[in-house]
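To start, the structure itself, in structure tokens.
Quick note: the coordinates plus some simple rules give every number you see, no bench work behind them. All figures in this text were calculated on a predicted structure; none of them were measured in a lab. Backbone-built Cβ (ideal geometry, glycine too); neighbour counts: all protein chains shown.
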Amino acid sequence: MEERKSAFFTIMLLASIILVFTVTDLIQGDRTFSETEKRMLKTRPVFTWDAVFDGKYTRDYEAYLTDQFVSRDKWIRVKTCLDMLMQKAELNGVYLGKDHYLIEQHLPGDYTAIQENKKLLLLEKLVKRWDAAVMLVPTADNILRDRMPAWAPYYNEADLLDRVERQIGSEHYIDVYSILRQHAEEEIYYRTDHHWTTLGAYYGYLAWTRAMGREGDIYDKDAMELVTDQFLGTLHARVNLNMKPDSIYCFPEDPMHPVKVTYDLKDTKDSCYEESYLETRNKYGFFLDDNHALIEIETDYRNGKTLFVIKDSYANCFVPLLIPYYEKIYVMDLRYFNGRLFGFMERYEPEEGMDVLVLYNCIHFLEDFSYLE
């Protein structure tokens, strides 16, 4: 009899908890965007019998419940604390590195030779058509190896970069891996985010100047200006720990050489920096107003030179460094572009031709680089 009472009490307790969460969930409604994680959240899937029979509805509904769970951010922190008590070195795809670094996990088995070959063929086709330069930036797990947990596995991007250089030719390849390894002890990646810092981008700029035969270094890295010291990035959102925020720096724009920046053919600004993002969770959006399909930058450097950049978000803090070298810069993010790339580029190519730069981090290149000719 006592066992029956105990079982009944347990069932009623669990049912009550589920009921409370269900009612609370209905009251608060679905969220479409997570400001903490900087991503769109799953919405309630549409019920169809076909989706039920092939299992898609169940998978989608499980993902929907996970994203819309009440007090999701607080539960992430609770899970993280429990995992840390169990001395786990990896939490939700994030390594807990030394010196308070959060380092995104990329496992060797995550990226196949077939996937690599497909991306390399696309890249080779673009390079041949446009005589493009290619800068693929290694992620923190490949550069900050001394800060990784002991024996932590990672996808070897050095091997990928060797394949890239062989396939497209060394004359098209910009080696940023070497210079980042030389400066691995400096703050070239954020501690709470997956991006490189402005200092990391500066070293990428030095690799670009050498590869492109540009003379000298026109920047003083000690002249970078602090724009915020309260940045908690996307990796922090995955673990939701109490951490010291990152600082974001930028190279100040030259008031003697104004710029006109047009986003998606409609919104025009007079700066590559958008300060309103510094008041939000997405502070990295300060650079180039976050992500857009097409950005057009007209500079005051009347040298007749044009640059077309095909990129991911690693380019956002890098592109402003190239302004003194070009009269016009076009920046395209293929994730937001619907159309045929080569035909679109031809519309913007001046008669004297233009430089083309492909800039991705290695993982985004494997995951996102795709286009229609």
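Determine the sum of side-chain charges near Asp246: Lys and Arg each +1, Asp and Glu each -1, restricted to other residues whose C-beta is under 11 angstrom from that of Asp246.
Cβ neighbours under 11 Å give a net charge of 0.
To check you understand DSSP bridge types, tell me what percent of the beta bridges within region 235-373 (both residues inside) are antiparallel, rounded to 5.
Antiparallel: roughly 55 percent of the beta bridges in region 235-373.
Just to verify a number: FRET efficiency for Arg163 and Asp110, C-beta to C-beta distance, R0 = 25 Å, to 0.05?
Calculated transfer efficiency: 0.90.
Dipole magnitude of region 233-373 about its Cα centre, charges +1 at Lys/Arg Cβ and -1 at Asp/Glu Cβ only, in debye to the nearest 20?
420 debye
Less than 15 Å Cβ to Cβ from Arg163, Lys/Arg counted +1 and Asp/Glu -1: what total charge do the surrounding residues give?
-4
Count the net charge of all other residues whose Cβ sits under 12 Å from the Cβ of Ile323, scoring Lys and Arg as +1 and Asp and Glu as -1.
Local net charge: -2.
Compute the separation of the alpha-carbon centres of region 196-253 and region 275-333 and state it in Å as a whole number.
Rounded to whole Å, the Cα centres lie 14 Å apart.
Under a 5 Å amide H to amide H cut-off, with H placed in plane at 1.01 Å, what residues pair with Gln105 once short-range neighbours are removed?
Result for Gln105 returns Val94, Tyr95.
Please list 3J(HN,Hα) in residue order for region 344-350, calculated via the Karplus relation 6.51 cos²θ - 1.76 cosθ + 1.60 where θ = phi - 60°; whole Hz, with x for glycine and proline.
5, 5, 4, 5, 9, 7, x
Once amide H atoms are placed 1.01 Å from N in the peptide plane, what residues at a sequence separation of 5 or more from Phe308, or on another chain, have their amide H within under 5 Å of its amide H?
Residues meeting the criterion, in which the H sits 1.01 Å from N, are Tyr330, Asp355, Val356, Leu357.
So how strong a dipole does region 110-230 carry about its Cα centre when Lys and Arg Cβ are +1 and Asp and Glu Cβ are -1, to the nearest 20 debye?
Dipole about the Cα centre, nearest 20: 620 debye.
So what are the ³J(HN,Hα) numbers for region 231-248, from phi and the Karplus equation (6.51, -1.76, 1.60; θ = phi - 60°), rounded to whole Hz, Gly and Pro as x?
9, 10, x, 5, 6, 4, 4, 6, 10, 6, 8, 6, 9, 5, x, 7, 10, 10
Using packing as a proxy for protection, rank 122-129, 366-373, 145-152, 229-236 so that the peptide with the highest average count of other Cβ atoms within 10 Å comes first.
So the peptides 122-129, 366-373, 145-152, 229-236, ranked by packing, come out 229-236, 122-129, 366-373, 145-152.
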